[in-house]
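Read through the structure below, which is laid out as structure tokens, and then see the notes.
The values are calculated or read from the model by the stated rules, or taken from the named source; none is laboratory data. Since the model is a prediction, treat every value here as computed from it, not as a measurement. Glycine gets a Cβ as well: all are built from the backbone with ideal geometry, and neighbour counts include every protein chain shown. Ligands, DNA and RNA are excluded from the accessible area calculation, which covers all protein heavy atoms including side chains. Shrake-Rupley method; radii C 1.70, N 1.55, O 1.52, S 1.80 Å.
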Amino acid sequence: MLHYLDFSIVTQWFDSLLRDTLGLGDFWAILIECVIVGLFILVAYALIAIVLIFMERKVCAYFQCRLGPMRVGPWGTLQVFADVLKMLIKEIFFVDRADKLLYAVAPFLVIIGSVGAFSFLPWNAGALVLDFNVGVFLLTAISSIGIVGIFLAGWASNNKYSVISAMRGAVQMISYEISLCLCLITAVILTQTMQVSGIVEAQHGPWNWLIFKGHIPAIIAFLTFLVAGNAEANRGPFDMAEAESELTAGHHTEYSGMGFGFFYLAEYLNLFIISGIAVTVFLGGWEPICIGVAGFDEVMDYIPGIVWFMGKTFLIVWILMWIRWTFPRLRIDQILKLEWKYIMPLSLINLVLMTLVVAFGLHW
């Protein structure tokens, strides 16, 4: 990555502006920086959600040979904004005989887990919000908070359909999280680091993305991660927790207004987060594709890292949407059988295989 495309230059300049030019102390400088970073995360979270909702509708329409929303704005581009406005002004009600505390807390737990995981995504060199030496461990821990929110939402709603949905969602997400972690550990063994930036930097150079560098075990881990990630995000064909024909809206049936909106946002952003993690770990993150040809690699290096990251992430998002609107919904027993009898044993075997590859130096 070219030096002038490293975003740390901007962050260091801004920090110097606050501390040296304006003469602010450590407390105020750090407070201002944290507020700005927090605003960036929330704005990016909301904007990407809008893009993903619109993209989902158009991709779905394309696969079903129709146009999708077309009435509000040119080509339906303002339909999502109209939906957001409707959601903001909708009445917020509480369910009789529900556990009001858990009912109110559940949407916030779901959104906290989603925003927390979103904060680990590496947008560009020097543009990482959270970058700890145990980043992969923290990422999986924070993302697990959403499972608690889903279960509490169903339990507290005093609705039998919501309880069934919450039980399905919890057991499905907990099950597939094991395979997700095994895939990430496979990448950690290859890169020898749990730090997100370290994983990306380990993929610098020609043909050095993990799916190339780790060849067969890395490719297996990547494909397994996509399947397990799709299930973790409750996306079709793994959306039994929200099976409309059986459970109406699932665990968020009894929610309205922004209570429902939080679940809706988290669902779409979890799709983006899973895709972003897949890109970060297996497809080089912000690193450009390099093939060892001087002229080609130099041109690719001029493209900013954030363009590479967003482009690769939305490509994975499109593939996962393609899967959703192609395959029929699985039964809950089929979903669990797929995980416990096939995906998890495959992930364990692949983990051992990657360990052997690294131990004997068989990777590129």
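Using R₀ = 41 Å, calculate the FRET efficiency as 1/(1 + (r/R₀)^6) where r is the Cβ-Cβ separation of I32 and A249; round to 0.05.
Once rounded, the FRET efficiency stands at 0.50.
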For a distance above 15 Å, tell me the whole-number percent of Cα pairs in the range 275-354 that qualify. 72
Simple SL model, points at 7 angstrom along Cα→Cβ for A141 and K100; separation in nm is 3.5
Per-residue accessible area, 1.4 Å probe, largest first, puts R331, R57 in the order R331, R57
Taking H as built 1.01 Å from N, whose amide H comes closer than 5 Å to the amide H of S256, not counting residues under 5 places away? F93
The range 93-215, Rg to Rh (Cα coordinates; Rh as Kirkwood inverse mean 1/r): 1.12
Square roots of five times the C-alpha gyration tensor eigenvalues of the range 52-91, ordered largest first and given in whole Å, equal 21, 11, 7
With a 1.4 Å probe and all protein chains left in place, how much accessible area per residue does the chain have, in Å²? 48
In whole angstrom, the spacing between the Cα centers of the range 225-271 and the range 148-190 equals 11
In the structure displayed, which of K160/K337; K213/K312; K100/K160; K58/K86 lie more than 23 Å apart, Cα to Cα? K160/K337
I'd like the distance between the alpha-carbon centres of the range 275-317 and the range 35-52, rounded to an integer number of Å. 22
Mean residue ellipticity (222 nm) of the chain, computed from DSSP H runs ≥ 4 via -39,500 (n - 2.57), nearest 500: -21500 deg cm²/dmol
Give me a comma-separated list of calculated 3J(HN,Hα) values for the range 154-171, in order, Karplus coefficients 6.51, -1.76, 1.60 applied at θ = phi - 60°, integers in Hz, x for any Gly or Pro. x, 5, 7, 7, 6, 9, 5, 5, 5, 5, 4, 4, 5, 5, 4, x, 5, 5
At q = 0.10, 0.13 Å⁻¹, what log₁₀ I(q)/I(0) does a Debye calculation on the Cα points of the chain give, no solvent, two decimals? -0.69, -1.13
Determine, from the Cβ-Cβ distance of K160 and L78 and an R0 of 25 Å, the FRET efficiency 1/(1 + (r/R0)^6), rounded to the nearest 0.05. 0.05
Taking the highest mean first, how do the peptides 316-322, 263-269 order by number of other beta carbon atoms within 10 angstrom per residue? 263-269, 316-322
Could you work out what % of the accessible surface of the range 58-119 is carbon and sulfur, using a 1.4 angstrom probe and leaving DNA, RNA and ligands out of the count? 69
In the range 190-267, carbon and sulfur make up what percent of the accessible area (probe 1.4 Å)? 67
Cα-Cα pairs of the range 255-294 separated by more than 16 Å (percent): 55
Descending semi-axes in Å of the range 182-269, equivalent ellipsoid built from Cα gyration tensor: 36, 15, 9
